Amino acid sequence: MNPAIRVEQVDKQYRRLAPGHRLRTLKSAFIGRSLASGAAAADLIPALAGVSFEVERGEAFGIVGGNGSGKSTLLKLIAGILRPDAGRVVTDGRVAALIELGAGFHPEISGRENIYINGSVLGLTRRQVEQRFDRIVEFAGLADFIDEPVKNYSSGMYVRLGFAVAIHTDPDILLVDEVLAVGDEAFAHQCLRRIEELLAGGRTVVFVSHSLALVEDVCSRVLWLDRGRARLIGEPRRVVDAYRAAVAEAEGRAHRAVKEERERSEATEEAGAESVEPPADEAAGEPEAPDEVLRWGSRAAEILRVRLLGADGDERYHFRSGEAVTFEIEAVAHRPQDDFVFGIGVATPRGTEVWGTNTELSGLRPERFDGEARVRLVCPQLRLAPGEYLIDAAVHARDGAPYDYRRKLLSFSVTAEDRGVGVYFPEHRWEFSGRLRVAARSGS
């Protein structure tokens, strides 16, 4: 099956006018045969350089990176708003994009008229827009304002209307930029629920956001763009952690450079000048956001490695729902222990606890742990719903005092032929009686 999106060695550059340039009027452009005035040539700014990746059908694909890294440019290329200077972008299916606040809306006409215009731009007939009009207005929550000119809308109302129209075009591919951050909390949750419904229906979503936690929650793979180049593509936690580490390193370099410059300035002050200690809050500077703590404990006992094994004993991180899964912990006690508990926890990327247990809860009494050991938790049938899951592993004392607690240590994915919502996926079937008939969906 062809991927929903294929990006192959894409380059995109923007032209920046040199100092002294200005744009002429249309009339002067016809006379002078150029829209730009001035003698100096324009600079070319590389927005994207050699970017390649594929997005599969039904996948939630995230894009992260700093301002100016090329995220919005890439979305515009996928949407067909821009064309690449080199390489190619191929999409398979109807694309709906929510990229810029108010894009596609005429400010002087009403929300009602804009729904019809925007729906037509996204490929719907007038009759299709009429059939979906009430649902669009209800989703946007703008019934009281739908006949007001759009120029009177707040930024949040713009987003509500734009997203409502986009998702009701039944897109095969939905492109969502940072504009969701403009909406309120309740609407953001409503949008995320709708995105999850689209994914469950086999649609594809490309999601750009500076909210890294949201990207981890929503996406199954993530692309990190850095100055127009693909720095890393892969599992969300791995990519996001690498991006966070790079940002922290850059901030650290900047902080050290400022500190060194201040020290040099202080060293050049005239001799004998009395040194004045800056106030505590000024010396501290801007408080740094604490990194998420993923490991803690005394390390009296230590978790060396955790692996997932299939029924055949091979290491695997992709399973079908209902398959046998073994969680294997390799650990070491640096001194003899007679008080220890081993535990495993499974959670979604959003932090929802799916399942967890430990040797204490299973009624196992500790006796001796001295040196290296291997602990296995065997699940004959792990009936999780399709999705991505994270693993926590721990060894601690019976009173809860941690020796080594490791969060988000591994991730694994689960698939199933059937679909559902939630995290539990029991074996099931449908039965019918009476005057009712159903047929299997084609392709299922």
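The values are calculated or read from the model by the stated rules, or taken from the named source; none is laboratory data. Computed from a predicted structure; not experimentally measured. Virtual Cβ from ideal backbone geometry, glycine too; neighbours counted across all protein chains shown.
Take the residues in the stretch 41-82 that are without any contact (Cβ under 8 Å) to a residue 60 or more places away in the chain and within 20 Å of PRO3 (Cβ to Cβ), then tell me which one is surrounded by the most Cβ atoms within 10 Å (Cβ to Cβ). The qualifying residue surrounded by the most Cβ atoms within 10 Å (Cβ to Cβ) is LYS76.
Checked against (1) under 32 Å from the mean Cα position of the chain (by Cα); (2) in a strand (DSSP E or B); (3) on the phi < 0 side of the Ramachandran plot, PRO336 passes all but a single condition, namely (1).
For the stretch 325-333, the condition holds for no residue, the condition being that it is outside any strand (DSSP E or B) and either under 32 Å from the mean Cα position of the chain (by Cα) or not β-branched (Val, Ile, Thr) (or both).
Restricting attention to the stretch 317-331, the residues that are touching a Phe, Trp or Tyr at 6+ places or on another chain (Cβ under 8 Å) and either more than 18 Å from LEU410 (Cβ to Cβ) or not aromatic (Phe, Trp, Tyr) (or both) add up to 6. For the residues ARG203, ARG221, the requirement of being charged (D, E, K, R) and over 12 Å from the mean Cα position of the chain (by Cα) singles out ARG203. Within the stretch 82-108, the residues that satisfy the criterion of being modelled with pLDDT under 85 and not charged (D, E, K, R) are ALA96, ALA97, LEU98, ILE99, LEU101, GLY102, ALA103, GLY104, PHE105, HIS106, PRO107.
Evaluate the following for LEU161: is it of a type in the set (A, V, I, L, M, F, W, C), assigned by TED's automatic domain parsing to the domain that holds VAL10 and closer than 24 Å to GLY70 by Cβ? Here the answer is no, as LEU161 does not meet what is asked.
What strands (runs of 3 or more DSSP E), lying completely within the stretch 362-444, carry at least 2 residues that are surrounded by fewer than 17 Cβ atoms within 10 Å (Cβ to Cβ) and touching a residue at least 12 places away in the same chain (Cβ under 8 Å)? Counting at least 2 such residues, we get 369-379, 402-415.
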